[in-house]
1. Where nothing but the Cβ of Lys and Arg (+1) and of Asp and Glu (-1) is charged, how large is the charge dipole of the chain around its Cα centre, in debye to the nearest 20?
2. Considering only Arg292, Arg283, Arg26, give the residue with the highest GNM mean-square fluctuation for the chain, with springs between Cα atoms whenever their separation is below 10 Å.
3. Round to the nearest 0.05 the FRET efficiency obtained for Ala367 and Ala108 when R0 = 22 Å and r is the Cβ-Cβ distance.
4. Which of Lys77/Lys132; Lys132/Lys287; Lys37/Lys240; Lys4/Lys132 have a Cα-Cα distance over 18 Å?
5. Accessible area, 1.4 Å probe, largest first: how do Lys77, Lys287, Lys348 sort?
6. To test your reading of the geometry: what angle, between 0 and 90 degrees and rounded to tens, separates the Cα axis of helix 46-71 from the longest principal axis of the chain?
7. Which order do peptides 385-395, 98-108 fall in by mean Cβ count within 10 Å, highest first?
8. Given the options Ser214, Ser262, Ser123, state which has the largest fluctuation in a GNM of the chain using a 10 Å cut-off (strictly under) for Cα springs.
Amino acid sequence: MKNKRIYPWIVVGLLWVVALLNYMDRQMLSTMQESMKVDIAELNKAEAFGALMAIFLWIYGFMSPVAGMIADRFSRKWLVVGSLFVWSAVTFLMGYAQSFSQLYWLRAAMGISEALYIPSALSLIADWHPGKTRSLAVGIHMTGLYVGQAIGGFGATVAALFSWQAAFHGFGIVGVAYSLILILLLQENPAHSYTGKGISGPKPAKPSLFSGLSIVLSTWAFWVILFYFAAPSLPGWATKNWLPTLFSRSLDIPMSQAGPLSTITIAVSSFIGVITGGILSDRWVQKNIRGRVYTGAIGLGMTIPALMLLGFGHNLIAITGAGLLFGIGYGIFDANNMPILCQFVSAKYRSTAYGIMNMTGVFAGAAVTEVLGKWTDSGNLGLGFALLSIVVAVALALQLYFLRPQTDNME
């Protein structure tokens, strides 16, 4: 199981399924408004639905730095297992909700549990994949998120065939079962674990809970990376939470069709993007230390015209073409976030650093989710998507000017 060549990829495969479940459980709600509002009247207003989506993001964001600091000190395996078990149980319970208030607080609980996953998982993958396979490994893991997002798009379809309650129950049971499988198969990398012995001797000393935070925040390059990560999170979360609605309104099709069409479009293209971006970055960095930075910049550059076309397109070719372009570009960007971070932040503090990045990106996503809810009610959802391209352009310029790494793996 722990073969030096095979097990690192087994870790990616195990976490790929968790990533799928992570985004499937959070995404499915965005497509089921039509089915759920029959039983829960408050969901007839887009602003109320936006608030329901946003509470997850606010809680998720506040918890992300805490989750990162915890992951740098304790077993990331058990954080992944526990996180999956709890959010899957919450998904199951959402099928029993009978009021907006119950949905609201369950969604908040999901935010707490899901926040523990990403910093732990990406740090674990980075430990098992130093050097030449890091971007590809992270990219493959990210495809799990996109596939989960696509499957979550079928929430409306399942709800139409059975009920929205059945959709929550079924997806929740799958996650709880898989968390039990992970207990047996998922392992820490002993060379970097703070919870066991190192390969050549006693375990290294644990960093104090807040020492990593102060070290990360005192690194000037981290602040550039933070903005570079957060700015594209605006359109990233906009597509996750409002793209089905945009497809439905722009193409004048029911949500049961728009949900799968929009999420599959983004998932397939993002899958292509992360694999392409991972391979390109891992090869480019061998010749040029800024190869990962340049690869991420190519991805961001592709999202700018895509957002404009998503905002102003009104036919199937324009909208789906824009979705494909955005997904490829965002996938390239996504595959290189943790690898770029590894060029500037020590392995001891990467979970903390990524937790802060996740918090900032999610807060940006929560804000844009609520704003777009109001803009949807006023008929300006497309314009909102188009304006997000300006923020991405600023992030792209800052990334290219300031990020100049000296090593590919800061120890």
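The values are calculated or read from the model by the stated rules, or taken from the named source; none is laboratory data. Only a predicted model underlies this, so the values are computations on that prediction, with no experimental measurement involved. Every residue, glycine among them, receives a Cβ derived from its backbone with ideal geometry; neighbour counts consider all protein chains shown. Ligands, DNA and RNA are stripped out before the accessible areas are found, and what is left, the full protein with its side chains, is counted by its heavy atoms. Shrake-Rupley method; radii C 1.70, N 1.55, O 1.52, S 1.80 Å.
1. For the chain, the charge dipole is close to 1340 debye.
2. Arg283
3. Taking R0 as 22 Å, the efficiency between Ala367 and Ala108 is 0.85.
4. Lys77/Lys132; Lys37/Lys240
5. Highest to lowest solvent-accessible surface, that is Lys287, Lys348, Lys77.
6. 10
7. Ranked from most to least packed, the peptides come out as 385-395, 98-108.
8. Ser214
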